[in-house]
Amino acid sequence: MSNLASDEELPTGVLDNREDHSPGDEPLEDAGHWVRHANLGLTLSILLTAGAFFLAGSNIIYGPAVPIALIVLAIAQMGVHLVFFLHITTGPDNTNNVLALAFGILVVFLIVIGSIWIMDHLMQNMMPTRMEDMMQMQP
Amino acid sequence: MFGKLDLSAVPLSEPIPLITSAVVILVALGVLVLITVRGWWPYLWHDWITSVDHKRIGIMYCLLGVLMLIRGFADAIMMRTQQAVAINAEGYLTPEHYNQIFTAHGTIMILFGAMPLVLGFMNFLVPLQLGVRDVAFPTFNSVGFWLTASGALLINISLLIGEFARTGWLPYPPLSETAYSPGVGVDYYLWAVQISGIGTLITGINIVTTVLKMRCPGMSYLRMPVFTWTALASCLLIVAVFPVLTATLAMLTLDRYVGWHYFTNTAGGNPMMFVNLIWAWGHPEVYILILPAFGIFSEIFSTFSGKPLFGYRSMVAATLFICVVSLLVWLHHFFTMGAGAAVNTFFGISSSIIAVGTGVKIYNWIFTMYGGRVRFEVPMLWSMGFIFTFIIGGLTGVLLAIPPADFVTHNSLFLVAHFHNVIIGGVVFAIFAGAEFWFPKAFGFRLYAGWGKVAFWCAFIGFWVTFTPLYILGLEGMTRRLQHINVPEWGPWLYVSVVGVAILIVGVVAQVVQLVVSIRDRELLRDVTGDPWDGRSLEWATPSPPPFFNFAVMPNVEGEEAYWGIKLRAIETQQLAPEPKYAPIEMPVHSPVGVYTAFFATVFGFAMIWHIWWLAIVALVAAFAGFVVFAWRDVHEFEVPAEEVARAERARRASREALLRKLSEEGALP
Amino acid sequence: MTETGLPASVEAIRRVREDPHRLGHRAHGPAEIIAGAGHGMTGPASKRIIVGYGFWIYLLSDIVVFSCFFAAFAVQRGATAGGPTMDQIIEVPRVAMQTAVLLVSSYTCMLSFAATNARSRLWTQVFLAATGILGLVFILLELQEFAELAARGITPQRSGMLTSFFGLVGLHGLHVSAGLLWLGTMMAQILVKGFRPEIVHRLICFNLFWHALDIVWIGIFTIVYLMGAG
């Protein structure tokens, strides 16, 4: 049964703040906690960003792997932002936030990957008629 | 000063739009004069226009939808009759005018007819079914509605000032680019749809948040009524794909206004990218419409069979399955693009698989009726008509999902018949069934059933007489959107189709008569109990119409079919639950910000359409200023005193107790 | 006319009793309450959570808008129509500067919210102002980039690739500018009204918005600039 049934002083049945959590909000902690959190997030972000810019401008890894490395770094940094700046965690108070995020990521991936895949097929059944078209077929 | 706008924008040479506009303006003026003479303005302003009550907004959405359905139906009548008289002849509509009509018909029916009605039902019902007092963001709800209304207004302005798009309801480039559509028609389309799309997105966000974060105590996910589930799924899709519409139309707008090259066929633009993106919105869009329709039918089948819905959890699973898979099928709208086998196979299979979810639902409805005590009320007639019609529509859809078959029937009247079959047979039937079902809840009296039955049979028969010939014509090779026809053999089928339209007109008239008769006899049809159909979900626990705070005391749900449980307990113990302690209620204050924003959105849209740049800037600044003033307000909520809550609740209890007594005297109780 | 009302329920009670299996309606899962309003049974969440969650949903929809512009860029990045290619229009040092500025602004934005939670008006305003200034620097850098490209005749009207490039980067810039407008309004509100609940709710939303823009920028500098330069 609802814990409110026994508590007649809460007629509207409003939930306690600590049981649920909205993205971006900061649950009550001591003052320094969130500053330390931010510092850690900033440090990790700086490292990842610097890494990305460094990799893009150097020959330290195998050339064709650079785009993949960049994307991995970008995803890692997005994760850092989600965790340290938006406070998305895996706790039970965050389930709805994570589910919404997962749905959003699914939609983004379907649209981006789907569009690329479909548009890649645009000319597949065509004989190139002009030089320009032939150029466009090259990846 | 006035951009491209001058007197030549009024189509003086074309009598049909001119006369129509004159009639519409006269009627509108008449209504305004009537309101002024009767002194109804304060009531309208305070209780409706600035209302943030989800029930009022829901009703206004439905009213807008009904008006637009009539407008769209008028377009349909013109198209059917034009094709019937234009066999080896010119007909009475010029090609330019005819093209505007089929474009307006599609746009209005989907975006300004069906969408507002579906959103109206969700707005009205979701908070009631969840046992809460309002949606998550009441004022934004009002903004959302009024933005949709301003989109509808813009589309109808195009009738008199300028022209509408001639591109079909999805303005495919390069035809819709400036090079081939230099007029303002496509611009009307772009701004009307863009503005109303933002309104729809706001409502979608609102309902998702309401369902996920605002449910009465005990209302866990698997206790929510199926309509609420479908509303959640539908609004998740709105949140997922309406941004795609916004983005796609924004790209086309950039192409048209500043000469960019997203979709041009020169300088590296890619017209197929538009088709790809717009259908990434467009296909989920039809599921946004049909899912709440499924929810409405689920409520009706269960109520009028006197049984809990068969396979409740499979229904929920099927809804979520459709919600996700509908994001994966959009390419079947352009199989003929010429994609390779991998792409066509993937999308063909996913389009076929989505029918499985619908099949689960159909069986659940049939099994709900099986063994039940079925009452053939008007909502039930629509629902049973739906099952029959929708199955055929679904099956022809599966045919079209097979790429080789689609290559043959693409853009033919077979396709036209198919999507009318699912949208009329699914969405429109659901809207009429739901209107009949929830009308007493919204207005306090039932609709007169006799005329409802006439309306149903006319719509059902009229539908089949209209669209069966179109299936046949499609298979015979007739393509869609033909202004005239050069194949005399098609004539007889087109005549039959016109007969069907005539039957449909009788159905529409019957609906109007039903409304008039019901309003006249409203005292006879009065619903004093608040539960006219022996309902099962929480909206029937409120009086009809519900007080603006919905529930004096938030219900405490203890199982599926929340109200059914409460009702059973009352019948078994022959008394209501003990009277609770009443407390004051906080409710949001009314706000003109919705109608204010929409007014400037309309001005902005109009200014952009006619390239009146200064006016567009003024409208934007004014809209922003309005939001700042709104954000600055000090009073957000007002308190309903406990005494008023108690008074309303005691009246409700008295009517329910009277009913219990009456049943007990009749010996109807166990 | 219909003859309905409660007698049908009586009939129905009998039916329910005659159907002990309750097909499709058996009890599900554990019956005890799960903590958390989102998925439990404990009633509506507080306004603060509702506002934050609603804005979260809005942000996801906004990200979908960006995904369409990303998709357009991915499809059209080769469509140069004989005009300049990506590697000819990118200046990595400026992008590095923009990235740094936006990242630090995200950090100060979060500090401002920590100050809000500690109910310090002064520090909230200071950090919000810092966020705004950094955002402004970002926008100015972007304008400088666009102006320099335009001076070289590189405009969106030139080719499909440039259209999708300017569209994507410009959309982000437009969001940042809108955020700056919002930020100014919020600072004025705090000044006049203090930390009233609805203003704190809006600050939560602003925080989310600003961090989300930084997340989008990560995608842009990686996919458009770094991968385009290589």
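The values are calculated or read from the model by the stated rules, or taken from the named source; none is laboratory data. The structure displayed is predicted, hence computed values, not measured ones. Counting neighbours? That spans all protein chains shown, and the Cβs are built from the backbone with ideal geometry, glycine included. Accessible surface is based on the protein model in full, side chains and every heavy atom, while ligands, DNA and RNA are left aside. Shrake-Rupley method; radii C 1.70, N 1.55, O 1.52, S 1.80 Å.
Observations on the structure shown:
- Packing-based ranking of B:278-289, B:234-245, B:250-261 yields B:234-245, B:278-289, B:250-261, ordered from highest to lowest mean Cβ neighbour count within 10 Å.
- Segment B:38-136: relative contact order in percent, alpha carbon pairs under 8 Å with at least 6 residues between: 44 percent
- Length-normalised contact order for segment B:227-291 - Cα pairs under 8 Å, 6+ apart - percent: 42 percent
- Counting only Cα atoms, segment C:47-229 measures 57, 28, 22 Å along its principal axes, largest extent leading.
- FRET efficiency, 1/(1 + (r/R0)^6) with R0 30 Å, evaluated for residue B:180 and residue A:116 via beta carbons: 0.60
- Evaluated over the protein assembly as shown, the count of Lys pairs having alpha-carbon atoms less than 22 Å apart is 13 (only pairs 8 or more residues apart or interchain).
- In order along segment B:528-533, phi translates into HN-Hα couplings of 8, 8, x, 9, x, 10 Hz, rounded to whole numbers, per the Karplus curve 6.51 cos²θ - 1.76 cosθ + 1.60 with θ = phi - 60° and x for Gly and Pro.
- Residues in segment B:366-391 reached by a label modelled at residue B:517 [backbone nitrogen below 16 Å; 7 Å Cα→Cβ]: B:377-379
- Virtual paramagnetic centre 7 Å along Cα→Cβ of residue B:8, amide N under 20 Å, in segment B:139-166: B:158-166
- For residues of A:53-59, the mean tally of beta carbons on other chains within 10 Å: 4
- Residue-averaged beta-carbon neighbours from other chains (10 angstrom radius) around B:584-590: 1
- The mean count of C-beta atoms from other chains within 10 Å of the C-beta of residues in A:74-86, rounded to a whole number, is 5.
- In the B-C interface, the accessible area buried, summed over both sides, Å² (probe 1.4 Å): 5800 Å²
- Taken along the Cα-to-beta-carbon direction at a fixed 7 Å, the label points for residue B:28 and residue B:639 span 4.4 nm.
- What the phi angles of segment B:320-334 give under the Karplus curve with 6.51, -1.76 and 1.60, with θ = phi - 60°, is a coupling list of 5, 4, 4, 4, 7, 5, 5, 7, 10, 10, 5, 5, 5, 7, 9 Hz, glycine and proline written as x.
- Between residue B:585 and B:640, the built amide H atoms are under 5 Å apart, and every one of these is 5 or more places off in sequence or on another chain.
- Percent accessible area from carbon and sulfur atoms, chain B, protein chains only, probe 1.4 Å: 73 percent
- Fraction of accessible area attributable to carbon and sulfur, segment A:29-87 (%, probe 1.4 Å): 77 percent
- Mean Cβ count within 10 Å, highest first, over the residues of peptides A:101-110, B:556-565: B:556-565, A:101-110
- Judged by the mean number of other Cβ atoms found within 10 Å, the most tightly packed of the peptides C:94-101, B:296-303, B:219-226 leads the ranking B:296-303, B:219-226, C:94-101.
- Long-range HN-HN contacts of residue B:485 with modeled amide H, under 5 Å: B:87, B:88, B:89
- Per residue value of the accessible surface for segment A:29-87 (all protein chains in place, 1.4 Å probe), Å²: 52 Å²
- Alpha-carbon Rg with Dmax, taken over segment A:29-87, Å: 14.1, 47
- Accessible surface buried upon A-C contact (total; probe 1.4 Å; Å², nearest 100): 4600 Å²
- Alpha-carbon geometry of the protein assembly as shown: the Rg and the Dmax are 29.1, 92 Å, given in that order.
- The 3J(HN,Hα) values that the Karplus relation (6.51, -1.76, 1.60; θ = phi - 60°) gives for segment B:64-70 are, in residue order, 4, x, 5, 4, 6, 4, 5 Hz. Gly and Pro appear as x.
- For residue B:445, the residues whose modelled amide H falls within less than 5 Å of its own, excluding neighbours fewer than 5 places apart on the same chain, are B:527.
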